[in-house]
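The values are calculated or read from the model by the stated rules, or taken from the named source; none is laboratory data. Quick caveat: nothing in here was measured; it's all calculated off a predicted structure. Virtual Cβ from ideal backbone geometry, glycine too; neighbours counted across all protein chains shown. Each accessible area value is taken on the protein alone, full model and side chains, heavy atoms only, with ligands, DNA and RNA left out. Shrake-Rupley method; radii C 1.70, N 1.55, O 1.52, S 1.80 Å.
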Amino acid sequence: MSFGGLPTCQAPTLPFLRTLTRHARVPLRAFEEASRQANGELVRLNMGPFRPYLVTHPDHVQHVLKTNQPNYLRAGMFWDPLGPLLGQGILSDGAGWTASRSILQPMFTARYVDSLTQRMAEIVTDLIDTIVVPGRPIDIADTISALVHPVIVRLFLGSTISDTDIERLAPAYDTGVTARSIRLLLPFVPQRFPLPGDSAFRQAIRTIDEVVYPRIRYAKARGEHENDLVSLLCQARKGETDADRLIRDDMVAIHGAATETSVTALTWVWPVLDAHPEIASKVYEEIERVVGTGPVTMAHLPGLTYLRMFLDELVRLYPPGWILPRTAVRTDTIGGVEIPAGSTVVLSPFLTQRLPAFWDRPLEFDPERFAPGNGRGRHRYAYFPFAAGPHSCLGPRLFTMEALLLIAGILCRYRPVLHADGPVLPRLASTLRPATGLSMTLVPAGRG
(Lines give C-alpha, C1' and ligand atoms only; values in the text may rest on other atoms or scores of the structure.)
Protein backbone atom coordinates (compact mmCIF):
# COMPACT_ATOMS: atom_id res chain seq x y z
CA MET A 1 0.00 0.00 0.00
CA SER A 2 1.21 3.55 -0.65
CA PHE A 3 0.39 7.06 0.52
CA GLY A 4 0.82 10.07 -1.75
CA GLY A 5 2.69 7.91 -4.26
CA LEU A 6 5.36 6.89 -1.75
CA PRO A 7 5.93 3.23 -0.81
CA THR A 8 5.18 2.22 2.75
CA CYS A 9 6.92 -0.32 4.95
CA GLN A 10 6.36 -2.12 8.22
CA ALA A 11 7.94 -0.86 11.42
CA PRO A 12 10.37 -3.24 13.15
CA THR A 13 9.07 -4.74 16.39
CA LEU A 14 11.09 -4.55 19.59
CA PRO A 15 10.76 -7.24 22.33
CA PHE A 16 9.48 -4.73 24.85
CA LEU A 17 8.11 -7.22 27.38
CA ARG A 18 11.56 -8.75 27.76
CA THR A 19 13.07 -5.29 28.19
CA LEU A 20 10.40 -4.38 30.71
CA THR A 21 11.19 -7.47 32.74
CA ARG A 22 14.84 -6.41 32.99
CA HIS A 23 13.76 -2.97 34.19
CA ALA A 24 10.94 -4.06 36.49
CA ARG A 25 12.08 -1.70 39.28
CA VAL A 26 12.16 1.37 37.00
CA PRO A 27 9.84 0.66 34.03
CA LEU A 28 10.67 3.98 32.35
CA ARG A 29 14.15 2.61 31.70
CA ALA A 30 12.52 0.12 29.32
CA PHE A 31 11.05 3.01 27.32
CA GLU A 32 14.45 4.72 27.28
CA GLU A 33 16.11 1.55 25.96
CA ALA A 34 13.46 1.19 23.27
CA SER A 35 14.02 4.82 22.24
CA ARG A 36 17.78 4.26 21.98
CA GLN A 37 17.22 1.19 19.80
CA ALA A 38 14.74 3.07 17.61
CA ASN A 39 17.14 6.02 17.15
CA GLY A 40 14.33 8.28 15.96
CA GLU A 41 12.70 5.72 13.66
CA LEU A 42 9.21 4.32 14.15
CA VAL A 43 9.15 0.97 15.93
CA ARG A 44 6.47 -1.25 17.44
CA LEU A 45 6.65 -2.30 21.07
CA ASN A 46 5.77 -5.94 21.62
CA MET A 47 3.67 -5.83 24.79
CA GLY A 48 2.02 -9.19 24.19
CA PRO A 49 -1.41 -8.70 22.60
CA PHE A 50 -0.81 -4.93 22.50
CA ARG A 51 1.76 -3.52 20.05
CA PRO A 52 1.77 0.28 19.92
CA TYR A 53 3.98 2.37 17.65
CA LEU A 54 6.66 4.40 19.43
CA VAL A 55 6.98 7.87 17.85
CA THR A 56 10.01 9.94 18.90
CA HIS A 57 11.41 11.85 15.89
CA PRO A 58 10.29 15.52 15.97
CA ASP A 59 9.09 15.30 12.34
CA HIS A 60 6.86 12.39 13.27
CA VAL A 61 5.68 14.10 16.47
CA GLN A 62 4.72 17.13 14.38
CA HIS A 63 2.74 14.92 12.01
CA VAL A 64 0.70 13.42 14.85
CA LEU A 65 0.19 16.54 16.97
CA LYS A 66 -0.29 19.11 14.21
CA THR A 67 -0.12 18.14 10.52
CA ASN A 68 -2.66 15.31 10.72
CA GLN A 69 -3.85 15.94 14.28
CA PRO A 70 -7.57 15.23 13.61
CA ASN A 71 -6.64 11.64 12.77
CA TYR A 72 -5.11 10.96 16.18
CA LEU A 73 -7.52 10.97 19.09
CA ARG A 74 -6.89 11.03 22.83
CA ALA A 75 -8.38 7.60 23.38
CA GLY A 76 -7.31 4.10 24.32
CA MET A 77 -4.06 3.60 26.25
CA PHE A 78 -3.68 6.06 29.17
CA TRP A 79 -6.88 7.95 28.34
CA ASP A 80 -9.49 5.24 28.88
CA PRO A 81 -8.35 4.30 32.42
CA LEU A 82 -8.43 8.01 33.41
CA GLY A 83 -11.69 8.71 31.59
CA PRO A 84 -13.94 8.50 34.69
CA LEU A 85 -11.71 11.10 36.37
CA LEU A 86 -11.13 13.51 33.47
CA GLY A 87 -14.56 13.32 31.87
CA GLN A 88 -15.55 14.62 28.44
CA GLY A 89 -14.29 18.20 28.52
CA ILE A 90 -10.99 19.91 27.83
CA LEU A 91 -8.94 16.70 28.18
CA SER A 92 -11.15 14.69 25.85
CA ASP A 93 -11.56 14.97 22.08
CA GLY A 94 -14.22 15.82 19.51
CA ALA A 95 -17.13 18.17 20.11
CA GLY A 96 -16.72 18.16 23.91
CA TRP A 97 -13.11 19.31 23.63
CA THR A 98 -13.94 21.99 21.05
CA ALA A 99 -16.66 23.52 23.24
CA SER A 100 -14.51 23.42 26.38
CA ARG A 101 -11.48 24.89 24.62
CA SER A 102 -13.49 27.87 23.33
CA ILE A 103 -14.81 28.55 26.84
CA LEU A 104 -11.55 28.06 28.72
CA GLN A 105 -8.96 29.58 26.41
CA PRO A 106 -9.75 33.21 27.37
CA MET A 107 -9.10 32.28 31.00
CA PHE A 108 -5.49 31.34 30.23
CA THR A 109 -4.33 34.29 28.16
CA ALA A 110 -1.17 36.05 29.27
CA ARG A 111 -3.22 39.06 30.37
CA TYR A 112 -5.60 36.98 32.50
CA VAL A 113 -2.81 34.90 34.09
CA ASP A 114 -0.82 38.06 34.82
CA SER A 115 -3.89 39.51 36.53
CA LEU A 116 -3.79 36.54 38.92
CA THR A 117 -0.06 36.65 39.62
CA GLN A 118 0.06 39.14 42.46
CA ARG A 119 -2.76 37.32 44.25
CA MET A 120 -0.88 34.07 43.59
CA ALA A 121 2.27 35.57 45.14
CA GLU A 122 0.34 36.53 48.29
CA ILE A 123 -1.17 33.06 48.61
CA VAL A 124 2.24 31.38 48.09
CA THR A 125 3.86 33.56 50.76
CA ASP A 126 1.10 32.81 53.28
CA LEU A 127 1.32 29.08 52.57
CA ILE A 128 5.11 28.97 52.94
CA ASP A 129 4.77 30.75 56.29
CA THR A 130 2.13 28.25 57.38
CA ILE A 131 3.36 24.95 55.97
CA VAL A 132 7.15 25.01 55.78
CA VAL A 133 8.78 23.87 59.01
CA PRO A 134 12.55 24.46 58.89
CA GLY A 135 15.05 22.22 60.58
CA ARG A 136 13.31 18.88 60.34
CA PRO A 137 12.80 16.35 57.51
CA ILE A 138 9.74 16.84 55.31
CA ASP A 139 8.28 14.66 52.58
CA ILE A 140 8.93 16.65 49.40
CA ALA A 141 5.91 15.51 47.38
CA ASP A 142 3.51 16.01 50.30
CA THR A 143 4.90 19.46 51.08
CA ILE A 144 4.83 20.65 47.45
CA SER A 145 1.29 19.32 47.10
CA ALA A 146 0.24 21.17 50.26
CA LEU A 147 1.64 24.37 48.73
CA VAL A 148 0.34 23.96 45.17
CA HIS A 149 -3.21 22.69 45.68
CA PRO A 150 -4.50 25.62 47.79
CA VAL A 151 -3.06 28.10 45.27
CA ILE A 152 -4.91 26.55 42.33
CA VAL A 153 -8.08 25.95 44.34
CA ARG A 154 -8.20 29.52 45.66
CA LEU A 155 -7.60 30.99 42.21
CA PHE A 156 -9.93 28.71 40.27
CA LEU A 157 -12.63 27.55 42.66
CA GLY A 158 -12.98 30.80 44.57
CA SER A 159 -12.05 31.95 48.04
CA THR A 160 -15.04 30.47 49.84
CA ILE A 161 -14.00 26.82 49.58
CA SER A 162 -13.08 25.46 53.00
CA ASP A 163 -9.62 24.32 54.07
CA THR A 164 -11.16 20.93 54.89
CA ASP A 165 -12.31 20.47 51.30
CA ILE A 166 -8.91 21.55 49.97
CA GLU A 167 -7.28 18.97 52.23
CA ARG A 168 -9.60 16.30 50.80
CA LEU A 169 -8.91 17.23 47.19
CA ALA A 170 -5.11 16.98 47.23
CA PRO A 171 -4.80 13.28 48.17
CA ALA A 172 -7.80 12.41 45.99
CA TYR A 173 -6.11 13.88 42.90
CA ASP A 174 -2.86 12.18 43.86
CA THR A 175 -4.64 8.82 44.04
CA GLY A 176 -6.52 9.55 40.83
CA VAL A 177 -3.38 9.91 38.71
CA THR A 178 -1.35 7.11 40.34
CA ALA A 179 -3.76 4.36 41.38
CA ARG A 180 -4.25 2.94 37.87
CA SER A 181 -0.61 3.06 36.79
CA ILE A 182 -0.57 -0.69 36.16
CA ARG A 183 -3.09 -0.17 33.36
CA LEU A 184 -0.47 1.84 31.46
CA LEU A 185 1.37 -1.41 30.87
CA LEU A 186 -1.74 -3.58 30.56
CA PRO A 187 -4.06 -1.55 28.30
CA PHE A 188 -5.42 -4.74 26.74
CA VAL A 189 -7.06 -5.76 30.04
CA PRO A 190 -10.76 -4.74 29.80
CA GLN A 191 -11.98 -2.16 32.30
CA ARG A 192 -14.53 -4.66 33.65
CA PHE A 193 -11.69 -6.85 34.97
CA PRO A 194 -10.43 -5.46 38.29
CA LEU A 195 -6.78 -4.63 38.78
CA PRO A 196 -4.93 -3.29 41.85
CA GLY A 197 -5.74 0.36 42.38
CA ASP A 198 -9.19 0.32 40.77
CA SER A 199 -11.04 0.56 44.07
CA ALA A 200 -8.87 3.43 45.33
CA PHE A 201 -9.37 5.20 41.98
CA ARG A 202 -13.17 5.01 42.28
CA GLN A 203 -13.05 6.33 45.85
CA ALA A 204 -10.87 9.22 44.71
CA ILE A 205 -13.47 10.19 42.10
CA ARG A 206 -16.22 10.06 44.71
CA THR A 207 -14.23 12.37 46.98
CA ILE A 208 -13.55 14.85 44.17
CA ASP A 209 -17.20 14.88 43.13
CA GLU A 210 -18.32 15.40 46.72
CA VAL A 211 -16.25 18.60 46.77
CA VAL A 212 -16.79 19.87 43.23
CA TYR A 213 -20.54 19.46 42.68
CA PRO A 214 -21.51 21.54 45.76
CA ARG A 215 -19.21 24.30 44.44
CA ILE A 216 -21.14 24.28 41.18
CA ARG A 217 -24.50 24.41 42.94
CA TYR A 218 -23.28 27.23 45.19
CA ALA A 219 -22.00 29.29 42.26
CA LYS A 220 -25.26 28.86 40.36
CA ALA A 221 -27.38 29.74 43.38
CA ARG A 222 -25.28 32.82 44.11
CA GLY A 223 -25.91 34.07 40.60
CA GLU A 224 -23.13 36.64 40.73
CA HIS A 225 -20.41 36.76 38.11
CA GLU A 226 -17.24 36.24 40.12
CA ASN A 227 -13.77 36.03 38.57
CA ASP A 228 -13.11 32.36 39.34
CA LEU A 229 -13.23 29.29 37.14
CA VAL A 230 -16.42 27.77 38.50
CA SER A 231 -18.38 31.03 38.17
CA LEU A 232 -17.11 31.63 34.64
CA LEU A 233 -17.97 28.08 33.60
CA CYS A 234 -21.45 28.37 35.10
CA GLN A 235 -22.07 31.52 33.08
CA ALA A 236 -20.71 29.97 29.88
CA ARG A 237 -22.74 26.75 30.26
CA LYS A 238 -25.96 28.44 31.39
CA GLY A 239 -29.00 26.66 29.95
CA GLU A 240 -27.03 23.75 28.45
CA THR A 241 -28.25 20.19 28.86
CA ASP A 242 -26.27 18.31 31.49
CA ALA A 243 -24.46 21.56 32.35
CA ASP A 244 -23.39 20.46 35.84
CA ARG A 245 -21.52 17.42 34.52
CA LEU A 246 -19.85 19.46 31.78
CA ILE A 247 -18.77 22.09 34.31
CA ARG A 248 -17.54 19.37 36.63
CA ASP A 249 -15.47 17.72 33.89
CA ASP A 250 -13.72 20.97 32.97
CA MET A 251 -13.15 21.97 36.60
CA VAL A 252 -11.67 18.59 37.47
CA ALA A 253 -9.53 18.42 34.31
CA ILE A 254 -8.16 21.95 34.67
CA HIS A 255 -7.59 21.66 38.41
CA GLY A 256 -6.04 18.23 38.03
CA ALA A 257 -3.78 19.25 35.15
CA ALA A 258 -2.70 22.49 36.83
CA THR A 259 -1.90 20.90 40.18
CA GLU A 260 -0.43 17.65 38.88
CA THR A 261 1.88 19.40 36.42
CA SER A 262 3.14 21.78 39.09
CA VAL A 263 3.48 19.24 41.90
CA THR A 264 5.30 16.75 39.68
CA ALA A 265 7.73 19.27 38.19
CA LEU A 266 8.38 21.07 41.47
CA THR A 267 9.11 17.81 43.26
CA TRP A 268 12.04 17.30 40.87
CA VAL A 269 13.53 20.74 41.69
CA TRP A 270 15.18 19.62 44.93
CA PRO A 271 17.02 16.45 43.82
CA VAL A 272 18.22 18.35 40.73
CA LEU A 273 19.60 21.20 42.85
CA ASP A 274 21.27 18.64 45.10
CA ALA A 275 22.85 16.81 42.16
CA HIS A 276 24.19 20.01 40.53
CA PRO A 277 25.74 22.27 43.20
CA GLU A 278 27.25 24.69 40.66
CA ILE A 279 23.85 25.26 39.06
CA ALA A 280 22.26 25.51 42.51
CA SER A 281 24.75 28.25 43.44
CA LYS A 282 23.69 30.29 40.40
CA VAL A 283 20.02 29.84 41.31
CA TYR A 284 20.66 30.92 44.92
CA GLU A 285 22.76 33.92 43.87
CA GLU A 286 20.09 35.21 41.51
CA ILE A 287 17.31 34.83 44.08
CA GLU A 288 19.39 36.57 46.76
CA ARG A 289 20.14 39.43 44.36
CA VAL A 290 16.64 39.83 42.94
CA VAL A 291 14.35 38.88 45.83
CA GLY A 292 16.55 39.37 48.88
CA THR A 293 14.94 37.93 51.99
CA GLY A 294 11.46 38.15 50.49
CA PRO A 295 8.62 37.98 50.24
CA VAL A 296 8.67 37.33 46.51
CA THR A 297 6.24 39.44 44.46
CA MET A 298 5.15 39.74 40.86
CA ALA A 299 7.65 42.57 40.40
CA HIS A 300 10.57 40.18 41.04
CA LEU A 301 9.68 37.71 38.28
CA PRO A 302 11.26 39.50 35.27
CA GLY A 303 14.61 39.47 37.08
CA LEU A 304 14.61 35.71 37.66
CA THR A 305 16.06 34.90 34.25
CA TYR A 306 18.37 32.04 35.28
CA LEU A 307 15.65 30.44 37.38
CA ARG A 308 13.38 30.52 34.32
CA MET A 309 16.12 28.82 32.27
CA PHE A 310 16.46 26.26 35.08
CA LEU A 311 12.72 25.55 34.85
CA ASP A 312 12.85 25.12 31.07
CA GLU A 313 15.66 22.60 31.42
CA LEU A 314 13.86 20.88 34.30
CA VAL A 315 10.81 20.12 32.15
CA ARG A 316 13.06 19.05 29.28
CA LEU A 317 14.59 16.21 31.28
CA TYR A 318 11.59 15.68 33.58
CA PRO A 319 8.41 16.62 31.67
CA PRO A 320 5.41 15.95 33.93
CA GLY A 321 3.32 14.59 31.05
CA TRP A 322 5.90 12.04 29.95
CA ILE A 323 3.60 9.94 27.73
CA LEU A 324 1.01 11.10 25.18
CA PRO A 325 -0.67 8.13 23.46
CA ARG A 326 -3.06 8.64 20.54
CA THR A 327 -5.34 6.32 18.57
CA ALA A 328 -5.36 6.50 14.75
CA VAL A 329 -8.85 6.99 13.31
CA ARG A 330 -7.91 6.18 9.71
CA THR A 331 -4.94 4.43 8.14
CA ASP A 332 -2.04 6.86 7.78
CA THR A 333 1.65 6.91 6.93
CA ILE A 334 4.34 8.36 9.20
CA GLY A 335 7.93 8.43 7.97
CA GLY A 336 7.15 5.85 5.32
CA VAL A 337 5.57 3.47 7.85
CA GLU A 338 1.92 2.51 7.45
CA ILE A 339 -0.16 3.08 10.60
CA PRO A 340 -3.37 1.02 10.32
CA ALA A 341 -6.64 2.50 11.56
CA GLY A 342 -7.20 1.73 15.23
CA SER A 343 -3.48 1.58 16.05
CA THR A 344 -2.02 3.23 19.12
CA VAL A 345 0.89 5.61 18.65
CA VAL A 346 2.89 6.57 21.74
CA LEU A 347 4.58 9.96 21.86
CA SER A 348 6.80 10.92 24.76
CA PRO A 349 8.36 14.32 25.52
CA PHE A 350 10.56 12.43 27.98
CA LEU A 351 12.11 10.44 25.11
CA THR A 352 12.10 13.02 22.29
CA GLN A 353 13.69 15.64 24.53
CA ARG A 354 16.60 13.26 25.15
CA LEU A 355 17.35 12.35 21.52
CA PRO A 356 21.10 12.78 20.81
CA ALA A 357 20.37 13.82 17.21
CA PHE A 358 18.59 16.94 18.46
CA TRP A 359 20.21 17.66 21.82
CA ASP A 360 23.91 18.04 22.58
CA ARG A 361 24.80 16.11 25.75
CA PRO A 362 21.12 15.15 26.07
CA LEU A 363 21.32 13.60 29.55
CA GLU A 364 23.27 16.48 31.06
CA PHE A 365 21.28 19.09 33.02
CA ASP A 366 22.28 22.44 31.52
CA PRO A 367 20.02 25.51 31.87
CA GLU A 368 22.24 27.42 29.41
CA ARG A 369 20.46 25.57 26.59
CA PHE A 370 17.63 28.00 27.19
CA ALA A 371 19.66 31.19 27.41
CA PRO A 372 18.38 33.84 24.96
CA GLY A 373 19.36 32.88 21.41
CA ASN A 374 20.54 29.36 22.25
CA GLY A 375 17.40 27.72 20.92
CA ARG A 376 17.82 29.17 17.44
CA GLY A 377 17.55 26.40 14.86
CA ARG A 378 16.07 23.87 17.28
CA HIS A 379 13.29 21.76 15.75
CA ARG A 380 9.95 23.08 17.02
CA TYR A 381 8.84 19.59 18.01
CA ALA A 382 12.10 18.52 19.68
CA TYR A 383 10.80 20.25 22.81
CA PHE A 384 7.14 19.91 23.80
CA PRO A 385 6.89 19.51 27.57
CA PHE A 386 3.31 20.87 27.50
CA ALA A 387 2.25 18.97 24.34
CA ALA A 388 1.85 20.89 21.07
CA GLY A 389 -0.55 21.65 18.25
CA PRO A 390 -4.28 22.22 18.82
CA HIS A 391 -4.17 20.13 22.01
CA SER A 392 -1.30 22.05 23.58
CA CYS A 393 -1.71 22.71 27.28
CA LEU A 394 -3.57 25.91 28.18
CA GLY A 395 -1.48 26.60 31.26
CA PRO A 396 2.30 26.84 30.61
CA ARG A 397 2.33 30.51 31.64
CA LEU A 398 0.36 29.73 34.79
CA PHE A 399 2.81 26.93 35.61
CA THR A 400 5.83 29.18 35.06
CA MET A 401 4.47 32.00 37.23
CA GLU A 402 3.53 29.63 40.04
CA ALA A 403 6.84 27.73 39.85
CA LEU A 404 8.94 30.90 39.93
CA LEU A 405 6.97 32.24 42.90
CA LEU A 406 7.14 29.02 44.86
CA ILE A 407 10.81 28.18 44.25
CA ALA A 408 11.97 31.77 44.86
CA GLY A 409 9.63 32.05 47.84
CA ILE A 410 11.28 29.05 49.50
CA LEU A 411 14.87 29.70 48.46
CA CYS A 412 14.94 33.36 49.50
CA ARG A 413 14.65 32.04 53.05
CA TYR A 414 15.89 28.44 53.09
CA ARG A 415 18.39 26.00 51.59
CA PRO A 416 17.43 22.38 50.94
CA VAL A 417 19.32 19.40 52.35
CA LEU A 418 18.21 16.32 50.46
CA HIS A 419 17.92 12.93 52.17
CA ALA A 420 18.68 10.31 49.51
CA ASP A 421 21.05 7.35 49.37
CA GLY A 422 21.62 7.55 45.61
CA PRO A 423 20.24 8.92 42.35
CA VAL A 424 16.55 9.81 42.46
CA LEU A 425 14.71 7.71 39.86
CA PRO A 426 11.27 8.16 38.30
CA ARG A 427 8.45 5.77 39.04
CA LEU A 428 5.67 4.53 36.79
CA ALA A 429 2.62 6.77 36.95
CA SER A 430 0.47 8.82 34.61
CA THR A 431 2.92 11.66 35.23
CA LEU A 432 6.69 11.59 35.72
CA ARG A 433 6.94 11.39 39.49
CA PRO A 434 10.05 10.67 41.56
CA ALA A 435 10.11 7.63 43.79
CA THR A 436 7.90 7.88 46.86
CA GLY A 437 9.28 8.86 50.24
CA LEU A 438 11.78 11.43 48.99
CA SER A 439 12.51 13.89 51.82
CA MET A 440 14.62 16.93 52.60
CA THR A 441 15.27 19.38 55.41
CA LEU A 442 14.99 23.12 54.81
CA VAL A 443 17.54 25.15 56.78
CA PRO A 444 17.67 28.94 57.05
CA ALA A 445 19.72 30.52 54.27
CA GLY A 446 22.99 31.90 55.55
CA ARG A 447 23.64 35.51 54.60
CA GLY A 448 27.32 36.30 54.38
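Points to keep in mind about this one:
- Relative contact order %, the range 328-413, counting alpha carbon pairs below 8 Å whose residues are six or more apart: 18
- Rg/Rg_globular for the range 1-133, with Rg_globular taken as 2.2 N^0.38 Å and Rg from C-alpha atoms: 1.50
- Mean sequence separation of contacting Cα pairs (under 8 Å, at least six apart), scaled by the length of the range 222-348, corresponds to a relative contact order of 16 percent.
- In Hz, Karplus ³J(HN,Hα) per residue of the range 147-153 (6.51, -1.76, 1.60; θ = phi - 60°; x = Gly, Pro): 8, 7, 4, x, 4, 5, 5
- Within the chain, the ratio Rg/Rh, alpha carbon atoms throughout and Rh by Kirkwood, equals 0.96.
- The alpha carbons of the range 1-78 occupy a box of 43, 26, 24 Å along the principal axes, longest dimension given first.
- Efficiency of FRET from Cβ geometry, Asp129 and Asp163, R₀ 22 Å, rounded to 0.05: 0.90
- Whichever lysines have a C-alpha closer than 22 Å to that of Lys238, once near sequence neighbours (fewer than 8 apart) are set aside: Lys220
- Cleavage-rule hits, GluC sites (Glu not before Pro), the range 363-418, DSSP coil, Cβ neighbours within 10 Å at most 14: Glu364
- Shape summary of the range 106-240, radius of gyration then Dmax from alpha carbon positions: 17.8, 54 Å.
- In order along the range 78-94, the phi-based Karplus estimate (6.51 cos²θ - 1.76 cosθ + 1.60, θ = phi - 60°) of 3J(HN,Hα) comes to 6, 6, 5, x, 8, x, x, 7, 7, x, 10, x, 5, 9, 10, 8, x Hz; Gly and Pro are listed as x.
- Note: the range 274-417, Cα convex hull, 130 Å³ per residue.
- Taking the helices alone, the chain has a mean residue ellipticity at 222 nm of -15000 deg cm²/dmol, built from -39,500 (n - 2.57) per DSSP H run of at least 4 residues and averaged over all its residues.
- In the range 387-448, one over the average inverse separation of all distinct C-alpha pairs is 14.7 Å, which is the Kirkwood hydrodynamic radius.
- Summary value for the chain: 26 percent relative contact order, contacts being C-alpha pairs under 8 angstrom separated by 6+ residues.
- Length added when fully stretched, Tyr112-Asp209, from 0.36 nm per residue minus Cα-Cα: 32.2 nm
- Net length gained if the chain between Asp421 and Thr67 were fully extended (0.36 nm per residue, minus Cα distance): 122.9 nm
- Computed accessible area, Thr98, all protein chains, 1.4 angstrom probe, square angstrom: 80
- When all alpha carbon pairs of the range 232-309 are counted in 5 Å bins from zero, the resulting P(r) reads 3, 12, 14, 13, 14, 10, 8, 8, 8, 5, 3, 0 %.
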